[in-house]
Amino acid sequence: MATAYDRTRELKAFDETKSGVKGLADTGVTKIPQFFIQPPEQGDLTLLPIEIPVIDLTGVETDAAVRGEVVKKFKSASETFGFFQVKKVVNHGIPTEVLDEMLEGVRQFNEADMELKKNYYTRDVSKKVVFNSNFDLYQAPAANWRDTMFITMAPESPMPDELPAECRDITFKYVHYIKQLGITLFELLSEAIGLKRSFLTDIECNKGLSVLSHYYPPCPEPHLTVGTSKHADSDFLTVLLQDSIGGLQVLYENRWIDVLPLHGALVINIGDLLQLISNEKLISVQHRVLANSTGPRVSVACFFSTHLNPTCNRLYGPIKELITEDNPPRYKETTVRDFILHFNGKGLDGRSALDYFRV
């Protein structure tokens with residue numbers, strides 16, 4: 001007689017290997033475990049043949065007219081798609097070789113000896129360096145086909161020797177550039193919603209920074225699972241570096257848009273916390289990553305958020321300068337920590353974390 005499927009036991013057995021999806025794929029599996037199988041998606045599954053905007057930042061610091069046009073483009077992109085791209089030729093200021101080296105460092109760590117990687121595998125979120133498979137493994141309806149290393153780089157960074165040697169130096173170098181880019185992005189977004197240039201940095205939206213390095217091994221049954229489930233990001237702002245494999249999609253008008261990989265490009269998207277404090281002048285949009293039979297796919301997401309840092313107790317709510325009689329507050333105040341705890345507690349279940357904080 002067939003025995004009942006014990007999901008909890010299967011999850012625990014997978015987790016205790018400390019080998020992640022990469023270790024599972026290396027065994028040569030041809031059928032994915034049941035807990036990776038996603039429920040069927042509802043609605044129109046056809047792709048929209050449009051692209052998210054690419055915005056040229058050249059001249060924003062030196063030419064007032066150019067800056068005004070860029071601010072308009074930021075406003076339009078952030079009100080409609082919640083996503084846009086910047087790339088080297090449009091002057092995001094990060095050398096292409098640094099982007100390539102960052103992706104290669106992530107690849108080298110994930111493809112290192114399994115026993116070395118197990119030294120970093122943990123579910124203790126108080127650590128500044130956390131490597132595991134699926135932060136929400138025990139909460140989400142289905143697991144995703146990926147492994148992730150989560151590194152808290154600000155407001156307090158780890159000691160260099162806390163990071164794996166394969167990606168240690170390049171992570172610190174890359175973060176230096178991302179912090180500078182973040183200031184520029186927050187200044188432009190401040191102006192896009194009618195506030196003074198320094199407003200969002202004055203209220204410390206850029207104070208915290210976490211680096212999430214994702215590794216998506218080739219999947220034997222990509223039609224049954226996903227690399228990352230449909231979700232919106234829990235931070236203020238995300239800066240994403242992706243390789244050439246593709247698979248990132250953005251939900252727009254209830255249909256999916258492919259975010260095509262561009263060598264040397266960075267994808268920027270609005271997070272839930274920025275939607276909350278802008279009182280929906282800026283929108284945080286659901287997105288996902290498809291599983292793929294080719295690969296591996298590698299990406300690096302930099303989250304501007306203080307995450308679970310217990311010393312960051314600032315309350316964030318709709319900005320008073322944006323509140324009018326016709327546009328009353330739509331959300332309650334919250335700390336970043338409380339918002340993240342709620343987000344992590346429910347996992348990537350397809351529902352918006354913002355719903356819990358609505359007035």
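The values are calculated or read from the model by the stated rules, or taken from the named source; none is laboratory data. Here the structure is a predicted model, which means the values were calculated and not measured. Neighbour counts run over all protein chains shown; Cβ positions are idealised from the backbone, glycine included. The accessibility values were calculated without ligands, DNA or RNA, using every heavy atom of the protein model including side chains. Shrake-Rupley method; radii C 1.70, N 1.55, O 1.52, S 1.80 Å.
Model label points for Ser198 and Ser76, set 7 angstrom from Cα along the Cα-to-Cβ axis, are 3.1 nm apart. Modelled spin-label separation between Val54 and Ser244, with each label point placed 7 Å from Cα along the Cα-to-Cβ direction: 1.6 nm. Here segment 185-232 was treated as a single set of alpha-carbon atoms; its pair distances binned every 5 Å from 0 give 5, 16, 15, 12, 11, 11, 10, 10, 8, 3, 0 percent.
Rolling a 1.4 Å probe over the heavy atoms of the protein chains gives the chain an accessible area of 44 Å² per residue. The accessible surface of segment 224-359, taken with every protein chain in place and a 1.4 Å probe, is 50 percent carbon and sulfur.
Once you have the Kirkwood Rh of segment 109-225 from its Cα pairs, apply Stokes-Einstein at 37 °C and 0.692 mPa s and quote D in µm²/s. Write out the running numbers ahead of the final one.
Working: Rh = 16.5 Å.
Value of D from the Cα-based Kirkwood radius: 199 µm²/s.
Expressed to the nearest 5 percent, the antiparallel share of DSSP beta bridges inside the chain is 95 percent.
Quick one: pull the percentage of alpha-carbon pairs in segment 260-359 with a separation above 15 Å. Before the final figure, lay out the partial values.
On the way: 3430 of 4950 pairs.
Value for segment 260-359: 69 percent of Cα pairs lie more than 15 Å apart.
Report note on the peptides 343-354, 185-196, 141-152: ranked by the mean count of other C-beta atoms within 10 Å, highest first, their order is 141-152, 185-196, 343-354. Listed peptides 200-208, 65-73 appear in the order 200-208, 65-73 once ranked by packing, highest mean of other Cβ atoms within 10 Å at the front.
Compute the FRET efficiency between Lys346 and Arg9 as 1/(1 + (r/R0)^6), taking r as their Cβ-Cβ distance and R0 = 30 Å, and round to the nearest 0.05. Don't skip to the answer; put the middle values down first.
Numbers: r = 23 Å, r/R0 = 0.76.
With a Förster radius of 30 Å, E is 0.85.
Loop-located GluC sites (Glu not before Pro) in segment 315-348 (DSSP state not H, G, I, E or B) with no more than 11 neighbouring Cβ atoms inside 10 Å: Glu325.
Could you calculate the contour length gain from Ala65 to Glu104, that is, 0.36 nm times the residue separation minus the distance between their Cα atoms, to one decimal place in nm?
Values: separation 39, 0.36 × 39 = 14.04 nm, distance 3.86 nm.
Extending this stretch completely gives an extra 10.2 nm.
Spin-label model, Glu111 to Ile37: label points 7 Å out along the Cα-to-beta-carbon direction sit 3.2 nm apart. Share of carbon and sulfur in the accessible area of segment 69-113 stands at 47%, probe radius 1.4 Å.
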